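Data block below; observations after.
The values are calculated or read from the model by the stated rules, or taken from the named source; none is laboratory data. Note that this is a predicted model, so its numbers are computed, not measured. Reconstructed Cβ throughout: ideal geometry from the backbone, glycine too, with neighbour counts over all protein chains shown. The accessibility values were calculated without ligands, DNA or RNA, using every heavy atom of the protein model including side chains. Shrake-Rupley method; radii C 1.70, N 1.55, O 1.52, S 1.80 Å.
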Amino acid sequence: AQSVSQHNHHVILSEAASLELGCNYSYGGTVNLFWYVQYPGQHLQLLLKYFSGDPLVKGIKGFEAEFIKSKFSFNLRKPSVQWSDTAEYFCAVPYSGAGSYQLTFGKGTKLSVIP
Amino acid sequence: DAEITQSPRHKITETGRQVTLACHQTWNHNNMFWYRQDLGHGLRLIHYSYGVQDTNKGEVSDGYSVSRSNTEDLPLTLESAASSQTSVYFCASSESTGKTRNEQFFGPGTRLTVL
């Protein structure tokens, strides 16, 4: 089964600062990769996803993520954060490779953006 | 628009009572999942179903059960509620075929308090 590590538990940034949240997974085969966002009091929403092709994936609200196969990483980035980006961010991968319907989620990174 | 609904959104119950949380999706997805979300633990899978009459245990299934009698619904039952089951519960669904089969869509959540 896959495991997912998100290295930062809580990140605090000022508005306009750049963001990078780390995500590493354990499976070495073909993977689908996801970042979900959970705004305060809300449910999880898909931020972006990687299935194949260009390893640099662009998502909603100016977020992007880069899939680096050699490093088993799928880090989330945003060049300039806004107060409205305050949320919890979850990285997810299929439980046991691309053929599994289950997802394994990281423990999440809480982002607080100070105006 | 297709969606997932959960009811109730908030529930307070007493230890020992049986509680059922409803999940209804109009995506026509074969796969449905129940998670609990607790501080410090992220999302943990309780039960999941890959189709009608199919149910499977997840990581934290003790004390919970599900049944799948149709495509749209996967109710979660707490047989005898315990204080340790105080949590936020999310239902999700996904396709079983195609490139996006791992992408899960989440409901709004149910906040359950067991006193």
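Side notes on the structure shown:
- For A:Glu15, the residues whose modelled amide H falls within less than 5 Å of its own, excluding neighbours fewer than 5 places apart on the same chain, are A:Ile114.
- Cα-Cα over 32 Å, subset of A:Lys71/A:Lys110; A:Lys78/A:Lys107; A:Lys78/B:Lys57; A:Lys58/B:Lys57: A:Lys78/B:Lys57; A:Lys58/B:Lys57
- Of all accessible heavy-atom area on chain A, the percent that carbon and sulfur account for (1.4 Å): 52
- Taking only alpha carbon atoms, chain B gives an Rg to Rh ratio of 0.96, where Rh is the Kirkwood radius.
- Multiplying the residue separation of B:Ala82 and B:His41 by 0.36 nm and subtracting their alpha-carbon distance yields 12.9 nm.
- Residues whose placed amide H lies under 5 Å from that of A:Lys107, excluding near-sequence neighbours: A:Gln6
- The protein assembly as shown - convex hull of the alpha-carbon atoms, volume per residue in Å³: 121
- A simple charge model with +1 on the Cβ of Lys and Arg, -1 on the Cβ of Asp and Glu and nothing else charged puts the dipole of the stretch A:7-90 at about 200 debye relative to its Cα centre.
- Placing a label point 7 Å from the Cα of B:His10 along the Cα-to-Cβ direction, the residues of the stretch B:34-72 with a backbone N closer than 19 Å are B:37-39.
- Average accessible area per residue (Å²) across chain A - probe 1.4 Å, nucleic acids and ligands excluded: 46
- Converting the Cα gyration tensor eigenvalues of chain A into ellipsoid dimensions via √(5λ) gives semi-axes, longest first, of 24, 14, 12 Å.
- Förster-model FRET efficiency, 41 Å R0, B:Asn56 and A:Ala16, C-beta, rounded to 0.05: 0.35
- Coupling constants for the stretch A:32-42 follow from the phi torsions by the Karplus curve (6.51 cos²θ - 1.76 cosθ + 1.60, θ = phi - 60°), and in residue order they are 9, 10, 9, 10, 10, 10, 10, 6, x, x, 10 Hz; glycine and proline get x.
- Accessible area that becomes buried as B packs against A, both chains, 1.4 Å probe, Å², nearest 100: 1900
- Using the Cβ-Cβ distance between B:Asn28 and A:Ser70 with R0 set to 45 Å, the FRET efficiency works out to roughly 0.70.
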